[in-house]
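Remarks on the structure that follows.
FYI, it's all coordinate maths here, none of it is from the lab. Note that the structure is predicted; figures quoted are calculated from it, not measured. For neighbour counting, all protein chains shown are included, and Cβ atoms are generated from backbone atoms with ideal geometry for every residue, glycine included.
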Amino acid sequence: MESNSRRGFMGKAFGAVAAVGAVGSLVAMKSSWDPLPSVKAAGFTTLDMSTYEENELITEKWRGKPIFVLKKTAAMVASQTDAQKERDVVVDGMHFMLAIGLCTHLGCIPAYKGEKDGFLCACHGGQFDWAGAVTKVPPPRGFDIPPFKIDGNKLVLGEAGPEYTKMKETGITL
Ligand code: FES
């Protein structure tokens, strides 16, 4: 059931945006009586990376944003270009594309069309390959990568581990 709800996120994206506004109001109200500000400031999401199927895009949520998680097949890993390898997130020997699922042009949510065609943004025709690199403008860059920290076979979103820090420093992500 959990994976079904995760898969349904894209289809419910607009409802989710409205819900985020309502939740934001509740959070604002709650902040006036919450005695432990450190609790609500956490903002981390932990993913069990052993639960993903190869070449099946799953859309998670982190801080209200869609997060694309795509476990690469052995063939994908073997055929990666240097540019694709730089964006690779390797957790316990498994290779993933991890990205904030928003087009870097004007923020639409691109659709995954499979290994051959990658991601297509319907708003203005931008395209990204399955590793998240841009292949057709107008998007100015590949998908942004959320802060992550690898912890065994888990991935903690919202915490910057050394692999993420290196991607930032080398300009792989903003
Ligand atoms: S928002 Fe994606 S191409 Fe414009």
What does the convex hull of the Cα atoms come to per residue for segment 43-169, in Å³?
-> 100
Taking H as built 1.01 Å from N, whose amide H comes closer than 5 Å to the amide H of residue 113, not counting residues under 5 places away?
-> 118, 119, 120
Going by how many other Cβ atoms sit within 10 Å of their own, how do 137, 77, 91 line up, fewest first?
-> 137, 77, 91
Quick one: putting +1 on the C-beta of Lys and Arg, -1 on the C-beta of Asp and Glu, what dipole do you get for segment 43-169 around its Cα centre, in Debye to the nearest 20?
-> 380
Just for segment 43-169, what percent of DSSP beta bridges are antiparallel, to the closest 5?
-> 95
First measure r as the distance between the Cβ atoms of residue 77 and residue 108, then evaluate 1/(1 + (r/R0)^6) with R0 = 30 Å and state the FRET efficiency to the nearest 0.05.
-> 0.60
Which residues does a label at residue 56 reach in segment 66-104, if reach means a backbone N under 12 Å from a point 7 Å past the Cα toward the Cβ?
-> 71
At residue 85 and residue 42, where each label point lies 7 Å from the Cα along Cα→Cβ, what is the point-to-point distance in nanometres?
-> 3.8
Find how many whole Å separate the alpha carbon centroid of segment 127-150 from the alpha carbon centroid of segment 159-174.
-> 14
Residue-by-residue Karplus 3J(HN,Hα) for segment 93-109, coefficients 6.51, -1.76, 1.60, Hz, glycine and proline x = x, 9, 9, 10, 9, 10, 7, 6, x, 10, 4, 7, 7, 10, x, 5, 9
Quick one: order 46, 170 by neighbouring beta-carbon count within 10 Å, fewest to most.
-> 170, 46
What's the tally of Lys pairs in segment 43-169 whose alpha-carbon atoms lie under 17 angstrom apart, where the two lysines are 8 or more places apart or on different chains?
-> 18
